[in-house]
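This report concerns only the one structure given below.
Please treat every number below as a calculation from the coordinates, not as lab data. None of the values given here were measured: they were computed from a predicted structure. Quick reminder, even Gly has a Cβ in these numbers, built from the backbone with ideal geometry, and neighbours come from all protein chains shown.
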């Protein structure tokens, strides 16, 4: 129940976000600070230790919604991305996408995606770094594209993402 005397809570939609500097983040929820009543975005970084330690961070929600002059151009500080449409062209993006889909399954149904579906393709270890035509990385990103499609379809069919849906009720459309 919402107290009508509280200030509006600017919600940050759960999902996959990219910071204007390039880092990937997963927004989990929006909460209110008990001391300041300020809206806070609960998130985790999808790079470095954030990929494995499960640590959650908060930041004022206003910062997530902020648009400003960053990197010499006017742009949002954080831009939400549809995991189904993210271009798979670099390893940080691939790792962020995998972590986001795994966490979504775990948080919203206790599903271990690698067991319920299959593990994503392994990262190549044999690249020579010369930019060969038909490089192992091209095959990796193609395989990851197929895994992503299967993972998203599985999550939508399973109804596992109820807390990520528009209404928060089981069976509604998955909002990634």
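Specify whether the C-alpha gyration tensor of the chain places it in the rounded, prolate or oblate class, a ≥ b ≥ c being the square roots of the eigenvalues: rounded for a/c under 1.5, otherwise prolate if a/b is larger than b/c and oblate if not.
Verdict is oblate for the chain.
Rounded if a/c is under 1.5, else prolate if a/b beats b/c, else oblate: with a ≥ b ≥ c from the C-alpha gyration tensor eigenvalues square-rooted, which is segment 54-125? Before the final figure, lay out the partial values.
Details: a/c = 2.81, a/b = 1.62, b/c = 1.73.
Verdict is oblate for segment 54-125.
In nm, give the distance between the simple-model label positions of residue 52 and residue 21, each being 7 Å from the Cα along the Cα-to-Cβ direction.
2.2 nm
Looking at the chain, send over the antiparallel percent of its DSSP beta bridges, to the nearest 5.
Numbers: 23 of 23 bridges.
Of the beta bridges lying entirely in the chain, close to 100 percent run antiparallel.
Applying a 10 Å radius around every beta-carbon, put 30-41, 69-80 in order of their mean neighbour count, most first. Don't skip to the end; give the middle numbers.
Working: 30-41: 14.7, 69-80: 12.5.
Ranked by mean Cβ neighbours within 10 Å, highest first: 30-41, 69-80.
Under 1.5 on a/c is rounded, so check that first for segment 82-164, then, if it is not, pick prolate when a/b is larger than b/c and oblate when it is not; a ≥ b ≥ c are the square roots of the alpha carbon gyration tensor eigenvalues.
Numbers: a/c = 2.66, a/b = 2.36, b/c = 1.13.
Judged from the Cα gyration tensor, segment 82-164 comes out prolate (a/c at least 1.5, a/b above b/c).
If R0 is 25 Å, what FRET efficiency do you get for residue 128 and residue 88 from their C-beta distance, rounded to 0.05? Don't skip to the end; give the middle numbers.
Numbers: r = 21 Å, r/R0 = 0.83.
Calculated transfer efficiency: 0.75.
Could you work out [θ]222 nm for the chain from helices alone, using -39500 (n - 2.57) per DSSP H run of at least four and dividing by all its residues? Round to the nearest 500 deg cm²/dmol. Provide the component values of the computation, followed by the final result.
Details: 4 runs with 48 residues, N = 176.
Computed ellipticity for the chain at 222 nm equals -8500 deg cm²/dmol.
Rounded to the nearest 0.05, what FRET efficiency do residue 138 and residue 70 have when you use their Cβ-Cβ distance and R0 = 35 Å?
Working: r = 32 Å, r/R0 = 0.91.
The formula returns an efficiency of 0.65 here.
On a 0 to 90 degree scale, rounded to 10, what angle separates helix 136-158 from the longest Cα axis of the chain?
For helix 136-158, the angle is close to 40 degrees.
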